[in-house]
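Taking it in order: structure first as structure tokens, then the write-up.
The values are calculated or read from the model by the stated rules, or taken from the named source; none is laboratory data. These figures come from a predicted structure and were not determined experimentally. As a convention, Cβ positions derive from the backbone with ideal geometry for all residues, glycine included, and neighbour counts pool all protein chains shown. We work out accessible area using only protein heavy atoms, side chains counted, and drop any ligands, DNA or RNA first. Shrake-Rupley method; radii C 1.70, N 1.55, O 1.52, S 1.80 Å.
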Amino acid sequence: MSEITGKTAIVTGASRGIGRAIAVRLAKSGFNIAIVDACPLEMSKDCEDEVKTLGVEAKAYQCNVADFEKVGETVAQIAEDFGGIYILVNNAGITRDTLLLKMTEQNFDDVIAVNLKGTFNFIKHCTPFMMKKREGRVVSISSIVGLEGQAGQVNYSASKAGIIGVTKSCARELASRNITFNAIAPGYVETPMTAVLTDKQKEAIFEMIPLKRYGQPEDIANAVNFLCSADASYITGQVLSVDGGMHM
Ligand code: NAI
């Protein structure tokens, strides 16, 4: 038996985009996958089926990461269904982009509730299970704009910078329990989230990418897989940029 056989990873926002690629990549490494998404369960079916073809266990759960109580129930159910939790990937995220002048309180609160509080909610409910086993890996998806800021994304960049603060504080608090916390800061990745950008916006971003290609969900998934692997056991509290060299 390999050292990871039978261990379980929770991936939030896993029905599509980067989250789905992460679920598939971790499944290829042998982890069982709990697919969490706010969308109806049917929409997670493709991901669930793809993961199962890789020979591991998979189950989808409908859960809004912003709902503290629902997250608690979902995590307890996952721990019961899979017999524990080894990896948590906080990937679910939303944007409500607009300039500060037009940004409403609701725009700000919605993004903080999903991206930042959602990350807290899952960490809060998953870490007791990790502490019990004295092992765990948490990887949270931040963003280049959490490091640099971005016009039109006051709410989003605040949420992504907040994720870095949560990551570093948790890394310090729970290092003694052998739980690592790291964040990944993607640049521009081609997913449904970025499909809404205009061609002009995409071209402007392309010019800023030294490696001269857009990121793919698999680029982020490979980095998550590394941070969850035995090779990364001495890495905690870090922010890994995966952005073709945009942020240096
Ligand atoms: P996406 O919009 O394609 O997928 C996001 C997934 O999260 C969807 O399946 C959606 O249903 C789910 N989700 C949304 N709100 C939720 C909630 N309240 N509870 C549970 N699930 C929820 O987005 P994409 O591009 O795959 O992004 C994934 C993560 O990567 C996000 O955190 C995003 O902010 C981050 N990111 C993406 C970048 C990009 O260029 N695509 C760049 C930097 C960061």
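A full extension of the chain between Thr194 and Ile235 corresponds to an added length of 11.8 nm, given 0.36 nm per residue minus the alpha carbon distance.
If you take all other residues with their beta carbon under 11 Å from the beta carbon of Ala9, and give Lys and Arg +1 and Asp and Glu -1, the sum is +2. Subtracting the Cα-Cα distance of Glu148 and Asp67 from 0.36 nm times their residue separation leaves 26.3 nm of extension gain. Within the stretch 173-192, find all residues whose amide N lies under 13 Å from a label point positioned 7 Å from the Cα of Cys39 along Cα-to-beta-carbon. Counting backbone N atoms under 13 Å from the label point, the list is 191-192.
A simple count of charges around Ile87, restricted to other residues whose Cβ falls under 9 Å of its Cβ and scoring Lys, Arg +1 and Asp, Glu -1, yields +2.
Length, then width, then depth: along the principal axes, the Cα atoms of the stretch 8-241 run 48, 37, 34 Å. Kindly state, to the nearest 0.05, the FRET efficiency for Glu218 paired with Gln106, given R0 = 30 Å and r defined as their beta-carbon distance. Using R0 = 30 Å, I get an efficiency of 0.30. Within the accessible area of the stretch 8-241, the carbon and sulfur atoms contribute 53%, probe 1.4 Å, all protein chains present.
Taking a virtual spin label 7 Å from the Cα of Lys132 along the C-beta vector, which residues in the stretch 59-80 bring their backbone nitrogen under 19 Å of it? From the stretch 59-80, the list is 69-80. A 1.4 Å probe run over the chain, with the rest of the protein chains in place, finds 48 Å² accessible per residue.
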